[in-house]
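In what follows, a structure is listed as structure tokens, so that the remarks can point back to it.
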Amino acid sequence: MKIENTVVVVTGGLSGLGNACVEYLLNLRAKVAIFDLNAETSKMSVEHAATDDLIFCDVDVTNAEMIRLAISRVTAELGDIRACINCAGIAPGGKTVGRNGALAIEKFINVLNINLIGTFNVTRLIAESMSRLSPIDDDGHRGVIVNTASVAAFDGQIGQAAYAASKGGVASMTLPIARDLGPIGIRVNTIAPGVFGTPMMLGMHEDVRKPLEKAVQFPKRLGYPVEFAKMAAHVIDNNYLNGEVIRLDGGIRMAPK
Ligand SMILES: NC(=O)c1ccc[n+]([C@@H]2O[C@H](COP(=O)([O-])OP(=O)(O)OC[C@H]3O[C@@H](n4cnc5c(N)ncnc54)[C@H](O)[C@@H]3O)[C@@H](O)[C@H]2O)c1
């Protein structure tokens, strides 16, 4: 699907990987809507905030009503939504049994709620809106959705039971959702990033971050957020890519801790 003039929703677009996608897509002349917490009040912190091709929608991805309202607003202000990149997420750690006993089940549920259920919530409602649109090419394409898992879906570390479970869910629902939406002309793929230099990662203690950097095979550094954005743009652009989980990780295989 061509990117120029295409309307793309980016959840979590105020920060990190999502924000890199916003910048990259605007440079390719897409029209972009950021779905994020308190997006409207935070918009001045975002480069490109002044362009008419970018709008900010207050959306908590766990809240279906907020998503529906934002979809209507984007459609009215920018046009039909043809692509969505789901980057909203959180990554708190916590051992199954730690110093203070068993992990609070509320913490586990909260991670699942935002990372997994939030991703599905946006996916299902955006796909519903796409299903009402006319196909845009001879293949019958109506839209494309890019979700974000993590290499923790495959080799989660100590303290990552909740995060790995949420990302494992994002990875494993990729194929069934692609199968559900294929007949409607919507592609669904997932990117599983390794370790990238975003506020989420840079906010971690050095003792956690440095060993992760060392575990990258090559190049031996954190990924640049723009490298994620390039992959997300490629997934939108390449019509034959569907139902796939793509590791983007410099060859990292994470050790237990
Ligand atoms: N940075 C990495 O190394 C890395 C590695 C693997 C996977 N990921 C995944 O990539 C995604 C983006 O991570 P990042 O590093 O850019 O993080 P980040 O913390 O920089 O950005 C996350 C964004 O999601 C938003 N968000 C959080 N909860 C939300 C909610 N309920 N509704 C709407 N928006 C919400 C935040 O406000 C923030 O803008 C996450 O899903 C993360 O798990 C990141």
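Residue by residue, here is whether (1) more than 15 Å from the chain's Cα centre (by Cα); (2) within 15 Å of the ligand (Cβ to nearest atom); (3) buried (at least 17 other Cβ atoms within 10 Å of the Cβ) holds:
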| residue | (1), (2), (3) |
| --- | --- |
| ASN27 | yes, no, no |
| LYS31 | yes, no, yes |
| SER42 | yes, yes, no |
| ASP52 | yes, no, no |
| THR62 | no, yes, no |
| ASP80 | yes, no, no |
| ALA88 | no, yes, yes |
Can you go through THR75, THR119, THR96, THR123 and tell me which one is at pLDDT 95 or above, more than 10 Å from the ligand (Cβ to nearest atom), crowded, with 19+ Cβ neighbours inside 10 Å and polar (S, T, N, Q)?
THR123
Would you confirm, using the coordinates I've provided, whether ALA30 is within 14 Å of ALA88 (Cβ to Cβ), of a type in the set (Gly, Ala, Ser) and at pLDDT 95 or above?
no
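Restricted to the stretch 129-172, and to residues that are among the β-branched types (Val, Ile, Thr) and within 16 Å of the ligand (Cβ to nearest atom), which residue is surrounded by the fewest Cβ atoms within 10 Å (Cβ to Cβ)?
Residue satisfying both the conditions and the ranking: VAL151.
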Going through GLY197, GLY159, GLY243 one at a time, which residue ends up being at positive phi and in contact with a Leu (Cβ under 6 Å, 6 or more places away or on another chain)?
GLY243
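The values are calculated or read from the model by the stated rules, or taken from the named source; none is laboratory data. This is a predicted model, so every value here is computed, not measured. So basically every Cβ, Gly included, is an ideal-geometry build from the backbone, and we count neighbours across all protein chains shown.
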